[in-house]
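Novice: There's a structure below that I have some questions on.
Any read-out appearing in this document is the output of simple, stated calculations on the displayed coordinates, not a laboratory observation. The structure presented is a predicted model; accordingly, all values stated were derived computationally and were not measured. Here Cβ is always computed from backbone atoms with ideal geometry, including for glycine, and neighbour counts include all displayed protein chains.
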Amino acid sequence: MSQAYQWNSYIAEALGTFMFFFVGIGAAYSLFGEAWATIAVAIALAHGLALLVVVSAFGAVSGGHFNPAVTTGIWIVGKIAPGKAVGYIAAQLIGAVAAAALVRYIFPEAIPSTAGLPALSPDLNLFQGIVVEAGVTMLLLTAVLGTAVDNRAAKIGGIAIGLAVAAGILMAGTLTGGALNPARWFGPAVVAGDFDNALVWIIGPVLGAAIIAAVYRFLILPQADAEAAAEAADEPA
């Protein structure tokens, strides 16, 4: 990468994460107090559509991760260097805190400062929460790796990825808040000063991402590489 553009991918990760969460967290704030059955689709669509846009817009610049769990998965499959992965995660966390802070500034003090912060259902224990977040993040990583990393897949921008996030929120929203993303929890947690049950949104998404990434690295991508090599060998010189 040219020296002049070495920061572009980090800027894209911070900016994309900011926009993704500003829309998603903002939806949670603006709809606070309504019945979940009424607002679930709106919140899911706000996150999913925002992610669709920023992945499509910044994918060519940074890969469009906007999620420490996604970056971890991309690192496991060997598609990003460790140092760059750390830089991406730092940029994502900064973008998340900036988004949560701006949403908090915009909305009136009458709305509790914890609005927009994922919460663990009182019906679930910590381990169950981790399992829920891991499960829905597995769906997200499948979409990321299957449509953006596997060279055999049709390149459809952020459509599948955005839909995976929307589906995950619809499933897990009442259980864990449906974060699917450590940064989605981290930004509001910092602004609210509330770090209860933090392991749900740190371990859960990273674990789910790691499981799918390992499957792709050792079982799926070797086949894709072999097929690509075979096709290259068949091409006339």
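Novice: Just to confirm the filter: which chymotrypsin sites (Phe, Trp or Tyr not before Pro) across the range 178-211 are DSSP coil and have at most 14 other Cβ within 10 angstrom of their Cβ?
Specialist: F195
Novice: I would also like to ask the following. Count neighbours as other Cβ atoms within 10 Å of each site's Cβ, and list the trypsin sites (Lys or Arg not before Pro) in the range 123-217 that are DSSP loop with at most 14 such neighbours.
Specialist: Answer in residue order: R152, K155.
Novice: Now a separate question. Can you sort I74, I156 from fewest to most other Cβ atoms within 10 Å of each residue's own Cβ?
Specialist: By the 10 Å Cβ count, ascending: I156, I74.
Novice: Residue by residue, what Karplus-based ³J(HN,Hα) values in Hz, rounded to whole numbers, does the range 39-48 have, using 6.51, -1.76 and 1.60 with θ = phi - 60° and x for Gly and Pro?
Specialist: 9, 4, 5, 5, 5, 4, 5, 4, 5, x
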